[in-house]
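The structure under discussion appears below in the form of structure tokens.
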Amino acid sequence: MLDPEILRTFAFFAGLSETELKSLSIIANKVSFQRGDLIFREDDPAHALYLLIDGWVDIVINTDAQGEQHELVATLSPGEIFGWSAVVDPYAYTGSAVCASPVEALDFKGADLLGMFELDPRLCCVIMSKVCKVTADRLRATRLQMVSLFLAH
């Protein structure tokens with residue numbers, strides 16, 4: 001089991017009770033990846049939400065029908081979550097996550113989180129509110145990237 005105090009150090013978990021942090025620490029798994037590793041692929045079934053502890057992760061999207069060409073949409077740093085699709089229907093990743101450096105992260109299985117949400121509506125509300133903020137922030141950043149591209153042409 002992960003020490004719940006580790007979760008407390010990340011802003012994503014701010015506002016959660018001791019009990020909620022302990023419950024989340026039970027289902028958290030520490031994972032490591034090497035530079036260049038593919039953590040998940042766009043359109044694959046989303047099985048886990050990740051919290052980046054150390055390193056950088058690039059989020060890329062397919063730019064062709066075959067999935068052979070990609071464009072960078074974000075580079076994530078420690079403290080950020082990715083793989084939020086594991087808790088949002090239709091549970092398919094909306095981009096690919098590629099390690100831009102060696103990476104350490106916490107892996108939370110989507111099924112475990114969804115099960116906890118059924119038992120603890122407050123936890124569900126707090127976590128999903130934060131997931132919504134992350135997705136809104138990333139959508140805003142992507143929209144600004146697109147506007148910059150259009151203005152450059």
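The values are calculated or read from the model by the stated rules, or taken from the named source; none is laboratory data. Just so you know, these numbers come straight off a predicted model, no measurement behind them. In this analysis, Cβ positions are derived from the backbone assuming ideal geometry, glycine residues included, and neighbour counts consider all displayed protein chains. Note: areas computed on protein heavy atoms with side chains; ligands, DNA, RNA excluded. Shrake-Rupley method; radii C 1.70, N 1.55, O 1.52, S 1.80 Å.
Numerical summary
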{"item": "Test: residue in region 78-89 that is open to solvent by 30 Å² or more (accessible area, probe 1.4 Å), touching a Ser or Thr at 6+ places or on another chain (Cβ under 9 Å) and farther than 30 Å from L144 by Cα", "result": "no"}
{"item": "Looking only at region 112-129, and only at residues there that are closer than 13 Å to S85 by Cα and open to solvent by 30 Å² or more (accessible area, probe 1.4 Å), the one that is farthest from the chain's Cα centre (by Cα)", "result": "L114"}
{"item": "So R143, is it assigned to a helix (DSSP H, G or I), among the basic types (K, R) and without any contact (Cβ under 8 Å) to a residue 24 or more places away in the chain", "result": "yes"}
{"item": "Selection status of D89, at pLDDT 95 or above and part of a strand (DSSP E or B)", "result": "no"}
{"item": "Any pair with Cβ under 7 angstrom, 6 or more apart, that starts in region 34-47 at a residue that is surrounded by 12 or more Cβ atoms within 10 Å (Cβ to Cβ) and ends at one that is basic (K, R)", "result": "H47/K109"}
